[in-house]
1. All but one of (1) open to solvent by 70 Å² or more (accessible area, probe 1.4 Å); (2) part of a strand (DSSP E or B); (3) of a type outside the set (Gly, Ala, Ser) hold for ILE5; state the number of the condition that does not hold.
2. Are any residues in region 12-42 touching a residue at least 12 places away in the same chain (Cβ under 8 Å) and either of a type in the set (Ser, Thr, Tyr) or in a loop (DSSP other than H, G, I, E, B) (or both), and if so, which ones?
3. For region 43-64, how many residues meet the condition of being in contact with a Lys or Arg (Cβ under 9 Å, 6 or more places away or on another chain) and outside any strand (DSSP E or B)?
Amino acid sequence: MTTSIQWYSNAGAQVNKPLPFQPQANFYRAVAQCVAFAGNEPTYMRPVMAIIPVDANRRLVVTV
């Protein structure tokens, strides 16, 4: 399975913006990368999806 990381705005729309790092293929490693980048813990975490807030307007969504 391939892990995907995407930017989303809090308004609900996907933001086409490149990631500032090369994402790992492993889901849990990719989540750890996002946590390290954002400095915040996931607000939603399941085995196939994690949502990590970056700031007041953006979040990273990691999916398998």
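The values are calculated or read from the model by the stated rules, or taken from the named source; none is laboratory data. Please read all numbers here as calculations on a predicted model, not as lab measurements. For neighbour counting, all protein chains shown are included, and Cβ atoms are generated from backbone atoms with ideal geometry for every residue, glycine included. All accessible areas refer to the heavy atoms of the entire protein, side chains included, with ligands and DNA or RNA removed. Shrake-Rupley method; radii C 1.70, N 1.55, O 1.52, S 1.80 Å.
1. Every condition holds for ILE5 apart from (1).
2. Once the filter is applied, which keeps residues that are touching a residue at least 12 places away in the same chain (Cβ under 8 Å) and either of a type in the set (Ser, Thr, Tyr) or in a loop (DSSP other than H, G, I, E, B) (or both), region 12-42 yields LEU19, PRO20, PHE21, PRO23, GLN24, ALA25, ASN26, ASN40.
3. 1
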